[in-house]
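**Q** Structure in structure tokens, see below.
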Amino acid sequence: MSVMQSFKNLFVGTDDTDEEYTAVYDNPGQSIDPAVEKRNREVKIAATTTLQIVLARPADFNEVKGIGEDLNAQKTVLLNLETVKPEDAKRILDFLSGVAYANGADIKMMAQKTFAIMPRNVGFSGVDLMSELENNGYSF
């Protein structure tokens with residue numbers, strides 16, 4: 001080994017082809033040429049996201065923009081319209097229904113004047129509360 005190669009190895013490191021590593025494949029069962037596998041030492045890490053739930057209790061229609069931004073950010077919104085005047089509640093629900101539709105979100109009525117607006121990547125299992133009550137003879 002020359003003196004120049006020694007300095008290069010000191011600052012850059014050596015290219016050991018016998019280095020052990022685990023190859024990560026995009027598709028299970030996929031085979032890669034061993035020569036390509038030796039060059040490609042990229043490690044893929046599976047990232048998980050945290051589910052964010054926002055409780056929204058608007059006082060009037062002026063607060064709907066922030067709720068729409070939460071929906072655009074793919075957050076689950078629990079919308080409580082109990083304190084809103086009926087005409088404002090209708091406008092709020094109409095606006096947020098449009099935002100939900102544009103994002104592929106789903107709206108479920110959880111109780112009287114309470115709704116869950118869930119992005120497409122959030123599943124809902126079971127019967128929502130209002131449907132369950134109506135099926136048992138209660139009417140609102």
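**Q** I need the full set of residues from the stretch 102-119 which are in contact with a strand residue (DSSP E or B) (Cβ under 9 Å, 6 or more places away or on another chain) and either open to solvent by 60 Å² or more (accessible area, probe 1.4 Å) or of a type in the set (Val, Ile, Thr) (or both), in order please.
**A** If the condition is that a residue be in contact with a strand residue (DSSP E or B) (Cβ under 9 Å, 6 or more places away or on another chain) and either open to solvent by 60 Å² or more (accessible area, probe 1.4 Å) or of a type in the set (Val, Ile, Thr) (or both), then Asp106, Ile107, Met109, Lys113, Thr114, Ile117 are the ones that fit.
**Q** May I ask you to list the residues in the stretch 63-89 that are open to solvent by less than 90 Å² (accessible area, probe 1.4 Å) and of a type in the set (Asp, Glu)?
**A** Glu63, Asp70, Asp88
**Q** Let me ask something else about it. Which residues, taken from the stretch 54-78, are in contact with a Pro (Cβ under 8 Å, 6 or more places away or on another chain) and not polar (S, T, N, Q)?
**A** Within the stretch 54-78, Val64, Ile67, Leu71, Lys75 meet the criteria.
**Q** Give me the pairs, please: first residue somewhere in the stretch 84-95 and closer than 16 Å to Thr114 by Cβ, second residue anywhere and of a type in the set (D, E, K, R) and open to solvent by less than 90 Å² (accessible area, probe 1.4 Å), beta-carbon distance under 6 Å, and either six or more positions apart or on two chains.
**A** What qualifies is Asp88/Asp60.
**Q** When you check Ala89 against the structure, is it closer than 20 Å to Thr50 by Cα, out of contact with any Cys (no Cβ under 9 Å at 6 or more places or on another chain) and of a type in the set (A, V, I, L, M, F, W, C), yes or no?
**A** Details: closer than 20 Å to Thr50 by Cα: no; out of contact with any Cys (no Cβ under 9 Å at 6 or more places or on another chain): yes; of a type in the set (A, V, I, L, M, F, W, C): yes.
No; evaluated as a whole, the condition is false for this residue.
**Q** Sort out for me the strands (runs of 3 or more DSSP E) sitting completely within the stretch 38-140 that have 3 or more residues that are at pLDDT below 90. Walk me through it before giving the result.
**A** On the way: elements: 53-56, 76-80, 106-111, 114-118.
Once the strands (runs of 3 or more DSSP E) in the stretch 38-140 are filtered for at least 3 residues that are at pLDDT below 90, what remains is 106-111.
The values are calculated or read from the model by the stated rules, or taken from the named source; none is laboratory data. These figures come from a predicted structure and were not determined experimentally. Reconstructed Cβ throughout: ideal geometry from the backbone, glycine too, with neighbour counts over all protein chains shown. All accessible areas refer to the heavy atoms of the entire protein, side chains included, with ligands and DNA or RNA removed. Shrake-Rupley method; radii C 1.70, N 1.55, O 1.52, S 1.80 Å.
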